[in-house]
Amino acid sequence: MQPRRYGDAGQAFPIYITVVGGLLFLAFAYFAVGQAAANRNGAQTAADAAALAAAQDKRDQLEGAWVKAVLDPAKWQGIFEGNAEGLVPSCWRAHELAAQNDAQVLSCGPDGPLGFTVKVETNKSVGDSVVPGTAERKSDAFATAVIVPRCVFDPPAEDAAPDVLPQLSCKGVNWELDPDDLDVLPKPEDLFDVHLAETQANDE
């Protein structure tokens, strides 16, 4: 009988350990990448929600201003352009929605008269992993939401009768406004669209 060759098996064992160790490291590295991606996605979700919330709050205020000025068509255009009296800051809604998505607002401000840009940071870090420096690393993201008027109208002529209001045409829906019967008026979503214009997420 041929004697067993234990030498070859002994030499292969360290190689096997090295390969298995490398595969485990890669597995943990991919897990760390997944953790970071999940954190970035959370930051982006929070930023999107915060920016949309601020824009929707201003949209609702603009609709309220329009209702108050419905009998004064000369003020309509300014309101549809985002300018109206009595508007209050809307970034409180951004802070509220960011908190609901486990993040905090780093900055929030108007982006023109009909937009808001919000930057947020996650409350949680990526967490411990085999990738150095991830334990305390948080993700941040920003988003810009815009308000888009949905309606057009012909401004009243200087000699127009005061009891005649312009017709609003809002994306195919025509509103015939009767000064003597204003019980049914367009809602905020009838007058304005709100949508995201730009987004981006990063790891700090």
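Numbers for the structure displayed
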| read-out | value |
| --- | --- |
| Protection proxy ranking of 73-80, 180-187 - average other beta-carbon atoms within 10 Å, highest first | 73-80, 180-187 |
| Potential lengthening between K171 and Q200 on full extension [0.36 nm per residue; Cα-Cα distance subtracted] | 7.4 nm |
| Placed amide H near A197: partners under 5 Å, 5+ positions off or other chain | T144, A145, V146 |
| Cβ-Cβ FRET estimate between D178 and K124, R0 fixed at 35 Å, reported to 0.05 | 0.05 |
| Protection proxy ranking, peptides 115-123, 143-151, average beta carbon neighbours within 10 Å, highest first | 115-123, 143-151 |
| Set of lysines near K58 by C-alpha distance (under 23 Å), chain-local residues within fewer than 8 positions excluded | K68, K75, K119, K171, K187 |
| Burial ordering of S107, S169, S90, fewest other beta-carbon atoms within 10 Å first | S107, S169, S90 |
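Coordinate-derived values only; no laboratory data. None of these values were measured; they are calculated from a predicted model. As a convention, Cβ positions derive from the backbone with ideal geometry for all residues, glycine included, and neighbour counts pool all protein chains shown.
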